[in-house]
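Scroll down for the structure; my scribbles are underneath it.
The values are calculated or read from the model by the stated rules, or taken from the named source; none is laboratory data. Nothing here was measured: the structure is a model prediction, and the numbers come from that model. With ideal geometry, Cβ positions are generated from the backbone for all residues, glycine too; neighbour counts draw on all protein chains shown.
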Amino acid sequence: MSDAKKIVIPCSGIGKAFGTVAREATYQLTETDHQSEYKTMCLPLLVAGDQEAIDLLKKSNVYTIDGCPKKCATLSVERIGVNVAMEVMVPKVLAQNTEHKPGSVLDIGRNGVLLAKDIVNKILEEGSD
Amino acid sequence: MSELPKVGIISCSGEDCPGGNISREATLRVLHDLRPDETVTICLPLFLAGGEGERGFAKRFPTITVDGCGKLCAAIGTARFSSKPTVEINLEDYDDFSSLKTEEKWHIQESSKDLVEKLANDIVNHVDEIRKISE
């Protein structure tokens, strides 16, 4: 396994339930059983041009979770010159787990939490090096 | 029917700090419950990832930025890519900020619900004031 840090960045989306699901998946990954391996970072730091955040991403393996086709997390990381190790689109994961349709942006409900778990499993299964 | 402009609210929603979750929750409270017809929002990262349409947001709408910490990502990002915010709110200016717990970045604690309400009400006051000035 690489010594590089693994950083998971969700899209920070505030308009749709999928943004909240991306956020939930990030916390499931970084605040529970896998917190020694995966960390997160505020995506808005890149919008503000925070150099410390940019430098850290440049020496990390970056996993992005996007809630819509605008792909804010992935494109923001790429725009600072960092390659994304793995990119997850919430709607695509839902298409493979249609029984886990989330509720609203304010409350994704049990199915939203389960969809987030699907995303975590996908990253653990396909994103490990 | 009111012709007053809608007011933009942009939350930092920072994932790695408790204040980001508070700013997000308070912003959603205003957008969904308190002033749903008077306010609009945009995902902050769209300023970097999006195009000219998204970057025109703060030029089109008088905008309130809501930041969860002193890094002021929402205020700086909005000014950098769109236009200087009309109002900049920083959660660090609130007395309750220092009592926020790390786990609140995921789940807002019962003890912080008052802070969410206080922040939401302050946003509402700014929304009403901006629209009043526009009359």
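Values computed for the structure shown
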read-out	value
Scan of the stretch B:49-65 for residues that are among the hydrophobic types (A, V, I, L, M, F, W, C) and at pLDDT below 95, ordered by number	B:ALA49
Selected residue [in contact with a His (Cβ under 9 Å, 6 or more places away or on another chain), within 20 Å of A:GLU24 (Cβ to Cβ) and more than 9 Å from chain B (Cβ to nearest Cβ)] from A:GLY112, A:GLY103	A:GLY112
Flag for B:GLY20 being within 7 Å of chain A (Cβ to nearest Cβ), under 23 Å from A:LYS71 (Cβ atoms) and either at pLDDT 95 or above or not in a strand (DSSP E or B) (or both)	yes
B:LEU48, sole failed condition from (1) assigned to a helix (DSSP H, G or I); (2) without any contact (Cβ under 8 Å) to a residue 40 or more places away in the chain; (3) closer than 16 Å to B:VAL87 by Cα	(3)
Count of the stretch A:27-86 residues which are more than 8 Å from chain B (Cβ to nearest Cβ) and over 19 Å from A:VAL120 (Cα atoms)	16
Residue list for the stretch A:107-117, filter: surrounded by fewer than 21 Cβ atoms within 10 Å (Cβ to Cβ) and touching a residue at least 40 places away in the same chain (Cβ under 8 Å)	A:VAL113, A:LYS117
Any hit, the stretch A:58-71, residues being out of contact with any Cys (no Cβ under 8 Å at 6 or more places or on another chain), crowded, with 18+ Cβ neighbours inside 10 Å and modelled with pLDDT under 95	no
Residues (assigned to a helix (DSSP H, G or I) and touching a residue at least 24 places away in the same chain (Cβ under 8 Å)) located in the stretch B:61-75	B:CYS73, B:ALA74
Of residues in the stretch A:87-104 being touching a residue at least 40 places away in the same chain (Cβ under 8 Å) and farther than 16 Å from A:ILE65 by Cα, the one surrounded by the fewest Cβ atoms within 10 Å (Cβ to Cβ)	A:SER104
All positions within the stretch B:88-114 that are surrounded by fewer than 20 Cβ atoms within 10 Å (Cβ to Cβ), of a type in the set (Lys, Arg) and at the interface with chain A (Cβ under 8 Å from one of its Cβ atoms)	none
Any hit, the stretch B:95-118, residues being under 21 Å from B:THR39 (Cβ atoms) and among the hydroxyl-bearing types (Ser, Thr, Tyr)	no
Of residues in the stretch B:46-87 being closer than 14 Å to B:ILE9 by Cβ and of a type in the set (S, T, N, Q), the one surrounded by the fewest Cβ atoms within 10 Å (Cβ to Cβ)	B:THR86
